[in-house]
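Accompanying notes for the structure given below.
The values are calculated or read from the model by the stated rules, or taken from the named source; none is laboratory data. Note that the coordinates shown come from a computational prediction; the quantities given were computed from them, not determined experimentally. Here Cβ is always computed from backbone atoms with ideal geometry, including for glycine, and neighbour counts include all displayed protein chains. All accessible areas refer to the heavy atoms of the entire protein, side chains included, with ligands and DNA or RNA removed. Shrake-Rupley method; radii C 1.70, N 1.55, O 1.52, S 1.80 Å.
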Amino acid sequence: MQYAVIMAGGSGQRLWPLSRRNRPKQIIGAFGGKSLLRLSVDRIKDIFDVNHIMVVTNQEYSHVVKEHLPELPAENIIGEPIGRDTANAIGLAATVVHLRNPESMMAVFSADHMISPAGPLQQAVKKALKFLHTNPQALITLGIKATSAHTGFGYLKRGVEVGNGIYPVAAFKEKPNKSTARKYIRSGEYCWNSGMFFWRTATILEQLDRFLPHNSLRFRNIGHAWNSDQQAEVLRNEFTGLEKISIDYAVMERATDVYMCELDCNWQDVGSYKCLADTIGVAGSDGNVTAETTRCEWLDSSNNIAFSDSPDHLIAAIHVEDMIIVHTDDATLICHRDETDHLKKLLEQIRAGKNKAYT
C-alpha cells in the first residue's frame with residue numbers, strides 16, 4: 001500500500017503578514033489562484049489514492065487545512081501540538097500510517113515547494129517506489145538537478161548508478177559558500193537536497209528507533225493511544241517531550257542504504273519573500289518585482305519587491321530602493337530586502353505587546 005505524506009507545518013513567520021498563525025503560507029492562494037498545499041496535492045493525486053494522502057500540520061490550523069482540502073478524509077489531517085522539526089513530523093506520520101498498514105510504503109513531500117512541470121516529479125516518484133519493492137531497507141531521497149551555484153540549499157553527492165536512475169548517496173553537504181558551490185556544479189556530481197523522501201514505514205521507524213531511541217519510545221506511546229479516548233492527551237504529552245531535530249541530521253546522514261533519484265525540473269523552496277518573488281513575481285525594467293495581481297506605481301525606484309492581497313489597493317513609491325513592501329487588509333510590512341531574517345524578532349515584539357492579534 002502506498003501513502004503520501006505532505007508536511008505543512010510552520011508558524012506563519014517568514015511570509016508575515018501574508019501568512020499568519022491561523023493562515024499558513026501553504027494555503028495562501030497566490031500561485032495562479034491556487035495555494036502551495038493545493039498544488040502539492042494536485043501533483044501527486046494521479047499516483048496516490050486520495051484516501052492515502054495525509055497532511056501533517058500545526059494543530060492550531062489543522063481545521064483550516066481540513067476546509068482547504070475537503071476531498072481528504074478528516075482523519076488524514078494530523079495536527080502537531082508543537083513544532084518539532086521534520087524528523088518528528090515524519091515519525092508521527094509513519095506511526096499513524098504503520099498502524100493502518102504495517103506493509104505500507106510512504107512518500108514524503110513538502111507543501112513549501114513549487115515544482116513544474118509535474119511530469120518529471122511523477123516519473124521520479126514511480127521510480128523510487130519501484131526501487132522500494134525490491135529494496136525494502138532503502139531510504140530514498142530526490143536530488144534536484146542543480147542549475148546554479150546556489151548557497152541556500154544543501155547538496156547531495158551521488159555515487160555510481162545502480163539502475164533506472166537510482167544512485168547511492170555518497171555524501172550530504174551543508175549549505176556551501178559560493179566558491180564551494182561552484183566546485184560542486186563543475187564536478188557534475190552534486191544535486192540540490194530536495195527534502196522529499198521514500199521508504200517503508202517499518203524501515204523509517206526502525207531507523208528512528210536506532211538513532212533517536214528516546215523519541216522512538218514516545219512515538220510508540222502515541223501509537224498505542226491512537227484512535228482511543230486518550231489520543232489527544234497522549235499526543236500532546238509525548239510530542240512536547242520530543243528532541244527537536246531534522247530528518248537529515250537524525251537519520252539520513254547517519255544511515256546506510258541511502259539512495260537518490262535525480263529530478264530535473266523547475267524547483268523552488270518558497271521560504272522567503274525573495275523566493276516568493278522569484279516564483280510568482282513579474283520584474284520590470286527597473287528591477288521592481290510584483291505579483292500580477294498587485295497594483296504598483298514606481299517613481300525613480302528600483303529593485304523592490306511588492307505584494308498586496310487586495311487587487312483594488314495601489315502601492316505607490318518615490319525614490320525607494322531595495323525594499324520589500326507587503327500590504328494586507330490589516331497589516332503592512334516595510335523592510336529592506338536583505339533584512340527579512342529579522343521578521344522573527346519583529347513578530348516576537350508584536351506578540352509581546354498590544355498588537356499580538358495581528359500575528
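Listed values, structure above:
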quantity	calculated
Pick from segment 140-162, criterion open to solvent by 30 Å² or more (accessible area, probe 1.4 Å) and among the small types (Gly, Ala, Ser), ranking: modelled with the highest pLDDT	Ser148
Test set (1) open to solvent by less than 30 Å² (accessible area, probe 1.4 Å); (2) over 32 Å from the mean Cα position of the chain (by Cα) - Asn304 fails condition number	(2)
Cβ-Cβ under 8 Å pairs, at least 6 apart or on other chains, segment 328-342 side free of Cβ contacts under 8 Å to residues at least 60 places away in the same chain and farther than 12 Å from Ile305 by Cα, far side assigned to a strand (DSSP E or B) and hydroxyl-bearing (Ser, Thr, Tyr)	none
Yes/no for Val162 being in contact (Cβ under 8 Å) with a residue 40 or more places away in the chain and over 26 Å from Met7 (Cβ atoms)	yes
Top-ranked residue of segment 256-299 - restricted to ones that are aromatic (Phe, Trp, Tyr) and open to solvent by 20 Å² or more (accessible area, probe 1.4 Å), ranked as farthest from Glu321 (Cα to Cα)	Tyr259
Odd one out for Thr340 among (1) within 17 Å of Arg23 (Cα to Cα); (2) within 26 Å of the chain's Cα centre (by Cα)	(1)
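This table checks each residue for (1) more than 25 Å from Gly241 (Cβ to Cβ); (2) buried (at least 22 other Cβ atoms within 10 Å of the Cβ); (3) free of Cβ contacts under 8 Å to residues at least 12 places away in the same chain; (4) of a type in the set (A, V, I, L, M).
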| position | (1), (2), (3), (4) |
| --- | --- |
| Tyr3 | yes, yes, no, no |
| Gln26 | yes, yes, no, no |
| Arg38 | yes, no, no, no |
| Asp46 | yes, no, no, no |
| Pro81 | no, no, no, no |
| Asn88 | no, yes, no, no |
